[in-house]
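The values are calculated or read from the model by the stated rules, or taken from the named source; none is laboratory data. Keep in mind that what you see is a predicted model, and the values were worked out from it rather than measured. Note that we place each Cβ from the backbone using ideal geometry, even for glycine, and neighbour counts take in every protein chain shown. Just the protein is used for accessible areas: all its heavy atoms, side chains included, with ligands, DNA and RNA removed. Shrake-Rupley method; radii C 1.70, N 1.55, O 1.52, S 1.80 Å.
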Amino acid sequence: MDSLPVISFREKLWLIASGAAVVAAVVLLPWIGTAPLTPERVLARQSPDYPIFVELRLSRTLLGLLVGSSLSLAGALFQAMLRESMATPYTLGISSAASLGAILTIIAGLPSILGLPAVWLGALAGAGSSVAIVAGASARQGQLSSFRLLLTGISLNGICSALILMIHSLAREHRSISILQWLLGNVDSVRYSALGAFAMVALVVFVIVVSRARQWNLLMVGESWAATRGVNPGRLMRIGFFCGSALTATAIALSGPIGFVGLIVPHIVRSRISPDYRILMPCSFLLGGVLLATADAVGRTVVAPAELPAGAVMALIGGPYLIWLVRRKF
């Protein structure tokens, strides 16, 4: 396999700075909210400051970091697989299928299944179904093609979006409101057990994906080029597809569909820091979490005492950015 340039001192600084940004987000963002908290009371575990900080704000910040990191890494991964800088976790239909699965559980009125929130399980089931459909339709002689993945994913995305609109229009009023709230995408406090499981999935996938960064660099040039340099493109595509699907499904199951994170962060890292996937993927993972957690902090304060869903804040940021990006590229 061809050797790649040594990671520069500047790129190493960006890695350190990205990690420092995550630490800063964990330390600072939980203090932001409509109700002021006193550090002394939090450290003394006095109510109500301590429960608000630990059970609501800290868990919400950690969820924002994990969801943003997962969606951003999935975006970078799909961009490598499809060799398209505009690809996102939504491109392959995984997000729409997960949303459809969650909405079906809302319509059914199921609060929980086996002790777990039914919406989470519905989203995971929807995403798993999309993985099976897209992979099955895109495979030929045991090989996955980026072109077939893209076309199949776009088709599945359209089908799921149409079904979501149909269900939403036919649902009763209270169900319709619940569906709309979920579709807006929101970061909220969750149990630490759920955060721990999510973190384990995200970190395992992160290690699998980043350990193959050199292969992603070669795949970006082309499947034939990568194959001549010792890479098995079909196997690498399968690994990337299932890893990206796992990240997207888990994130959507806990937060609902949140767009633009998987587009904005990898693109900024690629254009401003490095296109080398040894740097791009770790920085996207770290900075994506910081972006979404910060967007959630802004959403809960900018129109206080009301709150803006994190998905709405990201749309307000990502929409203009996408328009600027399209004008610049095309």
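How many of the residues making up segment 8-45 are more than 26 Å from the chain's Cα centre (by Cα), surrounded by fewer than 17 Cβ atoms within 10 Å (Cβ to Cβ), of a type outside the set (Ser, Thr, Tyr) and at negative phi?
Total meeting the criteria: 9.
Which count do you get for residues in segment 160-172 that are modelled with pLDDT under 85 and open to solvent by less than 50 Å² (accessible area, probe 1.4 Å)?
1
Return the pair list, or none, for Cβ contacts closer than 6 Å from residues in segment 113-125 that are in a helix (DSSP H, G or I) to residues that are at pLDDT below 80 and open to solvent by 50 Å² or more (accessible area, probe 1.4 Å), at least 6 apart or on different chains.
Sorted first by the residue in segment 113-125, then by its partner, the pairs are Ala118/Leu110; Ala118/Ser112; Leu121/Ile113.
If you go through segment 126-159 one residue at a time, how many are modelled with pLDDT of 75 or more, over 20 Å from the mean Cα position of the chain (by Cα) and hydroxyl-bearing (Ser, Thr, Tyr)?
Qualifying residue count for the region: 2.
For the list (1) open to solvent by less than 20 Å² (accessible area, probe 1.4 Å); (2) assigned to a helix (DSSP H, G or I); (3) in contact (Cβ under 8 Å) with a residue 12 or more places away in the chain, I need the number of the one condition that Ile208 fails.
Evaluating Ile208 over (1) open to solvent by less than 20 Å² (accessible area, probe 1.4 Å); (2) assigned to a helix (DSSP H, G or I); (3) in contact (Cβ under 8 Å) with a residue 12 or more places away in the chain leaves (1) as the failure.
Give the residues of segment 219-239 that are assigned to a helix (DSSP H, G or I) and either at pLDDT 90 or above or open to solvent by 30 Å² or more (accessible area, probe 1.4 Å) (or both), sorted by residue number.
Met220, Val221, Glu223, Ser224, Trp225, Ala227, Thr228, Arg235, Leu236, Arg238, Ile239
With the structure loaded, tell me whether Gly289 is touching a residue at least 12 places away in the same chain (Cβ under 8 Å), surrounded by 15 or more Cβ atoms within 10 Å (Cβ to Cβ) and in contact with a Phe, Trp or Tyr (Cβ under 6 Å, 6 or more places away or on another chain) or whether it fails that test.
Judged against the criteria, Gly289 is not a match.
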